[in-house]
Amino acid sequence: MAEVNLPWLSPLWMQWVQAKHGKGLPHAIGVPWQPDAGSQRITQALVAWLMCQEDGNSACGRCKSCLLFEAGNHPDFLRVTPEDDKKIGVDVIRKMQERVWARANQSGCKVIWIEHAEKMTEAAANALLKVLEEPPEKTYLIVSPERFSRLLPTIRSRLTLFSLPKPSLEELHDWLKAHSGIKQTDSDTLTYAQSRPLKALADLQSSNLEATNALQQLLAGQLPEFPDKGEELEQWLDDFLLSLQKKIRTQTLEQASVEPELLSWYNQVLELKKQNQSGGMNMNTLIHSLFSDIAVKSFQ
């Protein structure tokens, strides 16, 4: 059964629980599409809970409705996604309308989840607006755009918008430590991870293969290739730092000590990352100079 298990999202879940057991949840809900922050997990859990036949604070996972949802063939749930990962056309929304107005198969509620809602064409958005203006009973519409500002104002005004809470740095540090095995995470990585904790965890667990290979080349006295500039370079430096963290952690576990050079390289690459964020520096030259120095020392 769909579960959240992400501590920073607990306040949002409790907000929904209080609403459902109080005046009831709104029938038109806006949840941002931010998978790296847990939006998919919490929205899937919300859908399962709304369709559950039990009256708990989350889906029971045992009733017929929960089992159908878990199997991926619940007749009263519709997931709307962009066609060929491009646009959501008006024909898709019209088919959705048919499901909205049809009778529920399981005598419960119907749930429609529109992912990447900002990709609706104007005609599709206007068709959705008609449903939002007169929503049928026992029907929930969950609209998930990357940013609410990319929806038509008329659609935004008919949704109850919820934002995803961000973890505190302390909460994030403890969560990453528990799930990645890395005891210490630098402040820059934590700041980066606040907006995308799930991606940060995946990076810490596996590290980027390209960056890992680059580190292995340096340790073998060879110069690796790296992106020239921009976001690709920023991401590459992040991945390289994570690879260094993994190497440092491995040495700590295996040898109970760390080579001073590794810590020095980590701090130097971290400084390069800060300079890259500030701009105005010839990063290609700076990185090449540092890596040449590392490669020479590794070869000696």
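The values are calculated or read from the model by the stated rules, or taken from the named source; none is laboratory data. Note that this is a predicted model, so its numbers are computed, not measured. Quick reminder, even Gly has a Cβ in these numbers, built from the backbone with ideal geometry, and neighbours come from all protein chains shown.
Considering Ala45, Ala71, Ala102, which residue is closer than 30 Å to Ser195 by Cα and not polar (S, T, N, Q)?
Answer to the check: Ala45.
Condition test on Asn73, is it more than 22 Å from the chain's Cα centre (by Cα) and under 28 Å from Leu6 (Cα atoms)?
Taking the combined requirement at face value, the residue satisfies it.
Do we have Gln251 as farther than 22 Å from Leu176 by Cα and either assigned by TED's automatic domain parsing to the domain that holds Ile287 or of a type in the set (Val, Ile, Thr) (or both) here?
Considered against the rule, which asks whether it is farther than 22 Å from Leu176 by Cα and either assigned by TED's automatic domain parsing to the domain that holds Ile287 or of a type in the set (Val, Ile, Thr) (or both), Gln251 comes out as no.
How about region 188-300: which helices (runs of 4 or more DSSP H) wholly inside it have at least 2 residues that are polar (S, T, N, Q), within 27 Å of the chain's Cα centre (by Cα) and at pLDDT 80 or above?
So the answer is none; nothing clears 2.
Give me the helices (runs of 4 or more DSSP H) completely within region 24-130, filtered to those with at least 3 residues that are touching a helix residue (DSSP H, G or I) at 6+ places or on another chain (Cβ under 7 Å) and buried (at least 21 other Cβ atoms within 10 Å of the Cβ), ordered by residue number.
39-51, 64-71
Looking at (1) surrounded by fewer than 20 Cβ atoms within 10 Å (Cβ to Cβ); (2) part of a helix (DSSP H, G or I); (3) at pLDDT 90 or above, can you tell me which one Glu146 breaks?
It is condition (2) that Glu146 fails.
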